[in-house]
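Below is one structure, written out as structure tokens; comments come after it.
The values are calculated or read from the model by the stated rules, or taken from the named source; none is laboratory data. Just so we're clear, the structure is a prediction, and the values are computed from it rather than from any experiment. All Cβ positions, glycine included, derive from the backbone under ideal geometry; neighbour counts span all protein chains shown. For accessibility, only protein heavy atoms count, side chains too; no ligands or nucleic acids. Shrake-Rupley method; radii C 1.70, N 1.55, O 1.52, S 1.80 Å.
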Amino acid sequence: MTVTLGLAESSTDQSTRRTLTNLSLAVAKSRKIIVVTGAGISCSSGIPDFRSSDGLYNLVKSKYPNAVLKGRDLFDSSLFRDPTSTSLFYTFISELKRSIDGASPSPTHKFLETLRIKNKLLRSYTQNIDGFEARVGLKSKGKMNEIVNVQLHGDVHRVRCSVCSTDIECSPSHLSTFLDGEAPDCPDCAERSEVRVASSRRALKIGTLRPAIVLYDEPHPQGDLIGKIQTKDLSQKPDLLIIMGTSLKVFGLKKLAKEFAKVVHASSSKNGLGGGKVIFVNKTAPGSEWKDIIDYHVQGNTDDWVERVEREWRKAKPSHWETQTTLSGLPGMKVVKSALAKSKGIKGAKENLPPANTIPPIRIPPSKPIKPTSPSKRKTMDSQRDLPESPTKKRAGLPARSSALEPIPFSASRSMPDVYTNASQAPWMKPRQQAKPSFQPLVDDSDDLDRDVFLIEPDRKESSESDVDLHDLSMLSSLSSEDPSSPEPMSDLTMLSASSDDDVFDMSLCSPPRPSWTTSQAVRIT
């Protein structure tokens, strides 16, 4: 049931005054407000009405005495069927545009901007074509997320082509043409036609410009965009609906208001009134079809009501109106050093700024990397410390020399290493067991003697499963000693042991295996 509250009665009726105060607090506590406005919010802006003695309709009627048009016919799409009514429409819009340019936004328009600044306005839907919302800061053009004010009936400050639908700003030259009852040509259509004629092609039809307003029984050129915006706002679940300055007679506006009212009533708003409410502000009461939709009817002028709401809002929620200012930006103000900083001897300290060296920096010790247990991952982490393997060592099957391995005990004088009774005891064999290479005796380069060096390598294919005959080795030694060309007997060659399991001869005077000496024949080295 709609409750009617008269602004004039609030000074004498305590109950009305308390309810109006609660409505003001509801506006202050709401976070998603939908506002629907009509021509009533622009009456105080200085725009003459249509039906008074000095109104725009009588002014145009005096210029076209033979035209028979009602007030509604001035905004009906059927007027383009007759040239006389079309000329009357152009003249009427030209005079209306001149009146709007000389007017200024009303307090109600500024109140809408206040709601936007306070982050309480979800969207504004207006029937007005004057564009005052854009003057106060409510954007009406751009992308869907940028539009704050939706113009349901278009904008009188823009013109649209009847052929190519080009939308451009209305210029003074367009107004002069409209004032004479004629329509200017579309510049885009004319340019495209000239280009075709210059290339010896057929000329295009040149459209005419008309005011970019939506008439009755005419589709909105941006109807799809408005539908998307409305759907998005409904999904946002607004908590308050304010309808101002309209009689709710247009079918499209009635449908929009009912859909928003249904969502507002279903919302769980925290405005202190037990849920979302619908407030209707107008001099005339709404029809009977709105009795279960509109909760409160504030009877009076819209400017008086918004001024009352703002006044009570400031009184109840002063924190909403506090603004932070910078003293350095005001005239005659400058930033000075604080007395506390001077007493402590801190140089360069300014007021309201903490000293730079009062808090010691926090040092976080670097964490030690955890070495992975997997050999492949460990090899990847230590790859920057590993020396590259030579191709010769890869072919011989020897381990790559790394910083983690034990160095081979060779001195600068190339002294002989210790004698190892088993090949696995050698330092180069400790990291991992490799294939058993052949051993060669080391040749001392310090003397000038020539000697025959025999490289002994057992034939693994034929004698891998049999013991080595020691008699063959002794015969080899005797033959070497009887050789007259040998300067010295081969006395340095000493047999230590022979194992049939490993097929490896352990010998004194041996050096680490050299992969380049991998032949089974006797070689004479000088």
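Please state the relative contact order of the stretch 222-304 as a whole percent: Cα pairs under 8 Å, 6+ residues apart?
On the way: 111 pairs, mean separation 24.1, N = 83.
With pairs under 8 Å counted, the relative contact order is 29 percent.
Cα-Cα over 24 Å: which of K110/K258; K249/K277; K29/K277; K143/K232?
On the way: K110/K258 26 Å; K249/K277 21 Å; K29/K277 12 Å; K143/K232 13 Å.
Going by Cα-Cα distance, K110/K258 fall outside the 24 Å limit.
Past 27 Å, Cα to Cα, is the threshold; run K32/K228; K97/K228; K97/K255 against it and keep the listed order. Each step should come with its number before you reach the end.
Details: K32/K228 18 Å; K97/K228 30 Å; K97/K255 29 Å.
Result: K97/K228; K97/K255 exceed 27 Å.
Using a 1.4 angstrom probe on the protein heavy atoms only, line up H320, H109 by accessible area, largest first. Present the calculation step by step, with values, prior to reporting the outcome.
On the way: H320 65, H109 0 Å².
Highest to lowest solvent-accessible surface, that is H320, H109.
Tell me the net charge near C186. Cut-off is 14 Å between Cβ atoms, C186 excluded, with +1 for each Lys or Arg and -1 for each Asp or Glu. Mind showing how you got there, number by number?
On the way: positive: R158, R160, R192, K205, R210; negative: D167, E169, E182, D185, D188, E191, E194.
Spelling it out: positives minus negatives among the neighbours equals -2.
In the stretch 89-156, which trypsin sites (Lys or Arg not before Pro) are in a loop and have at most 14 other Cβ atoms within 10 Å, using DSSP for the loop call?
On the way: sites: K97, R98, K110, R116, K118, K120, R123, R135, K139, K141, K143; in loops: K118, K120, K139, K141, K143.
The qualifying sites are K139, K141, K143.
Take the Cα atoms of the stretch 71-197, find their three principal axes, and give me the spread along each one in whole Å, biggest first.
Between the extreme Cα coordinates on each principal axis of the stretch 71-197 lie 54, 38, 25 Å.
Would you work out the charge dipole size for the stretch 139-207 about its Cα centre, treating the Cβ of every Lys and Arg as +1 and the Cβ of every Asp and Glu as -1, and quote it to the nearest 20 debye?
On the way: 10 positive and 10 negative charges, 78 e Å.
About 380 debye.
Would you kindly derive the ³J(HN,Hα) couplings of the stretch 159-171 from the backbone phi angles with the Karplus curve 6.51 cos²θ - 1.76 cosθ + 1.60 (θ = phi - 60°), listing them in order in whole Hz, with x for Gly and Pro?
10, 9, 6, 7, 10, 9, 6, 5, 10, 10, 6, 6, 9
Please give the Cα centre distance for the stretch 131-189 versus the stretch 302-321, rounded to the nearest Å.
34 Å
Amide H to amide H, which residues 5 or more places from I243 or on other chains are under 5 Å from it, using H placed in the peptide plane?
Here the answer is V36, I279, F280, V281, since their amide H atoms fall under 5 Å of that of I243.
Determine the shape class of the stretch 220-271: with a ≥ b ≥ c the square roots of the Cα gyration tensor eigenvalues, call it rounded for a/c under 1.5, and otherwise prolate if a/b is greater than b/c, oblate otherwise.
On the way: a/c = 2.54, a/b = 1.31, b/c = 1.94.
Since a/c reaches 1.5 but b/c is at least a/b, the shape of the stretch 220-271 is classed as oblate.
Just read off the accessible area of K283 with the full protein assembly in place, 1.4 Å probe, to the nearest 10 Å².
So the heavy atoms of K283 present about 140 Å² to solvent.
Given C161, L122, H109, which one lies farthest toward the positive end of the charge dipole of the stretch 73-180, if we put +1 on the Cβ of every Lys and Arg and -1 on the Cβ of every Asp and Glu?
L122
With Cβ to Cβ distances under 10 Å as the rule, what net charge do the other residues near L240 carry (K, R +1; D, E -1)?
Net local charge, L240 excluded: +4.
What FRET efficiency, computed as 1/(1 + (r/R0)^6) with R0 = 41 Å and r the Cβ-Cβ distance, is obtained for R314 and K228, rounded to the nearest 0.05?
Details: r = 36 Å, r/R0 = 0.88.
My answer for the efficiency is 0.70.
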